[in-house]
Amino acid sequence: MDPSKRPLIGLAGVITLAMATELNEQVSAQALPNIIGGLGMSHDPGTWFTSVFSSAVIMGMAIAPWSAVTFSLRYFALFVCFLGIAPSVFIPFTDNLTLLYGLRVFQGLATGFTVPLLMTTALRVLAPPIRLYGLAAYATTATFFPNLSTAFAGLWTDLVAWQFVFFQSIPLCTLAALLIWYGMPQDPLRFERFAKFDWRGALLVLTIAICTGTMLEQGDRLDWFNSNLICVLALASVVAIPLLVLNEWHHELPLFKIQLLARRNFAYGAITLFVFVIVASTGSSLPAAFLQEVAGYRPEQVYLITIEVAALQLIFLPLMAVVLNWEWVDSRIVSFIGMSLVLTACIGDSFMTVEWNRDEFYLWQGLQALGDAMIVMPLLMMATNSVIPQEGPFASGLVNTPRAVSETIAPWLVELVHRWRGGLHSNRLA
């Protein structure tokens, strides 16, 4: 094979790795009641099963770009493949809570490492004329895999066995390791970067990840600021975030290059992507939640509306890459049309009643799928067009770490609205 094409095989391996870890995250979240029951856990310990994972994802996304440069893309990607396999082998057979949470942390780190690794690899391997196609592959982690996960959750929990929620990542991570080992070029190791490692920044990120992730995941269960733990976590987050920004601004080799936000297009793309992930997560998850909780559907019955969104992403994301490569196309207009479509889909879904079933959602989910692709691709193009290859790891950290936080904010926001509306109805009844 032409040596110049081998990095594309390495990129395919990283995409496969992203699929494995993202499905692991999304499927385990949807199959959580089955997992808790299978492991013999009660409800409260089961909530920490998700909480420690979310905090680890945020930490992983923050330090992944620095690790990829220091240990080389190839070695670091192979390590992440191993990190994706090992916990998946042991979690279904573990009955010790402390060990279980530790394995879940490693699983969260693997997920957090993978998404920035995919963006960094795409920015490096692909030339500017075809970079958008690599970013389309990256966009699947935000739009395709989350919607595909419902089908896998229904398959494993209803038709096979809940243990396969974790076992599914083993063959995918193995295939990814083989592709990365063959295709990814070997860069020199740069251990001298340890002398300039941003230890203060890493500790602040760890504090923010633990405090913010735990606060959002556990806040509703602990009654928010009526809990001393939530108050302490909130105070620690409020103090740590500005200290992190100040430290990163002045550090010689920061984890986040805050100065990139001075570029208008990059700042707009990164911030809007943060908001988009929240909207997309809630917009795609609420119809499935309605069908399960109100209509009594099982995951294997719900998956048709989520698989619709997932399948359409495979068409619309590459199509948007083609459209945006035309010089006369204004990405802002494409993004505006996409936002209008998502808004239309949300308004259409808002008219649901108890008589609705799966058929009523197909049209609105189709609009959601098209709108998602038309939003995320222009955002990624605007955020990365001004980034040179040497800045790829810094851009990856600034884009993906807030995205990890937004994936935790989305379910918290849904729970908060449910609580407010539930309180409103109970007050009216009283």
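The values are calculated or read from the model by the stated rules, or taken from the named source; none is laboratory data. This is a predicted model, so every value here is computed, not measured. Note that each Cβ is placed from the backbone with ideal geometry, even for glycine, and that neighbours are counted across all protein chains shown.
Conditions: (1) within 23 Å of Gln301 (Cβ to Cβ); (2) assigned to a helix (DSSP H, G or I); (3) in contact (Cβ under 8 Å) with a residue 24 or more places away in the chain; (4) aliphatic (A, V, I, L, M). Val354 meets all but one. Number of the miss?
Condition (2) is where Val354 drops out.
Hey, Ile170 hits all of (1) surrounded by fewer than 19 Cβ atoms within 10 Å (Cβ to Cβ); (2) of a type in the set (A, V, I, L, M, F, W, C); (3) over 25 Å from Phe71 (Cβ atoms) but one; which does it fall short on?
(3)
It is to be established whether one or more residues within segment 332-340 are in contact with a helix residue (DSSP H, G or I) (Cβ under 9 Å, 6 or more places away or on another chain), hydroxyl-bearing (Ser, Thr, Tyr), surrounded by 21 or more Cβ atoms within 10 Å (Cβ to Cβ) and closer than 24 Å to Met119 by Cβ.
yes
So Gln107 ticks every box in (1) modelled with pLDDT under 85; (2) crowded, with 20+ Cβ neighbours inside 10 Å; (3) under 21 Å from Thr174 (Cβ atoms) but one. Which box is left unticked?
(1)
Got a sec? Which of Tyr138, Tyr182 is touching a residue at least 24 places away in the same chain (Cβ under 8 Å), assigned to a helix (DSSP H, G or I) and closer than 19 Å to Phe82 by Cα?
Numbers: Tyr138 fails: closer than 19 Å to Phe82 by Cα.
Every option except Tyr182 fails the conditions.
I need every pair where a residue in segment 15-36 that is free of Cβ contacts under 8 Å to residues at least 12 places away in the same chain and within 16 Å of Ala77 (Cβ to Cβ) has its Cβ under 6 Å from the Cβ of a residue that is surrounded by fewer than 22 Cβ atoms within 10 Å (Cβ to Cβ) and of a type outside the set (Asp, Glu), sequence separation at least 6 or different chains.
Pairs that qualify, where the first residue is free of Cβ contacts under 8 Å to residues at least 12 places away in the same chain and within 16 Å of Ala77 (Cβ to Cβ) and the partner is surrounded by fewer than 22 Cβ atoms within 10 Å (Cβ to Cβ) and of a type outside the set (Asp, Glu): there are none.
Give the residue, chosen from Phe49, Phe76, Phe53, that is surrounded by 24 or more Cβ atoms within 10 Å (Cβ to Cβ) and either more than 24 Å from Gly13 (Cα to Cα) or under 20 Å from the mean Cα position of the chain (by Cα) (or both).
Answer to the check: Phe53.
Among the residues of segment 373-399, write down those that are hydrophobic (A, V, I, L, M, F, W, C), closer than 15 Å to Ile258 by Cα and either modelled with pLDDT of 70 or more or part of a helix (DSSP H, G or I) (or both).
Ala383, Phe394, Ala395, Leu398, Val399
Taking the criterion of being in contact (Cβ under 8 Å) with a residue 60 or more places away in the chain and hydroxyl-bearing (Ser, Thr, Tyr), would at least one residue in segment 91-106 satisfy it?
Checking segment 91-106: not a single residue is in contact (Cβ under 8 Å) with a residue 60 or more places away in the chain and hydroxyl-bearing (Ser, Thr, Tyr).
Going by the conditions given, is Arg74 outside any loop (DSSP other than H, G, I, E, B), among the charged types (D, E, K, R) and modelled with pLDDT under 85?
no
Suppose we filter Ala240, Ala267 for residues that are free of Cβ contacts under 8 Å to residues at least 40 places away in the same chain, within 28 Å of Trp66 (Cα to Cα) and under 20 Å from the mean Cα position of the chain (by Cα); which single one remains? Give the steps one after another, and end with the answer.
Numbers: Ala240 fails: under 20 Å from the mean Cα position of the chain (by Cα).
Going through Ala240, Ala267 in turn, just one is free of Cβ contacts under 8 Å to residues at least 40 places away in the same chain, within 28 Å of Trp66 (Cα to Cα) and under 20 Å from the mean Cα position of the chain (by Cα): Ala267.
Only one of Thr16, Thr50 is within 25 Å of Val205 (Cβ to Cβ), in a helix (DSSP H, G or I) and in contact with a helix residue (DSSP H, G or I) (Cβ under 7 Å, 6 or more places away or on another chain). Can you tell me which?
Thr50
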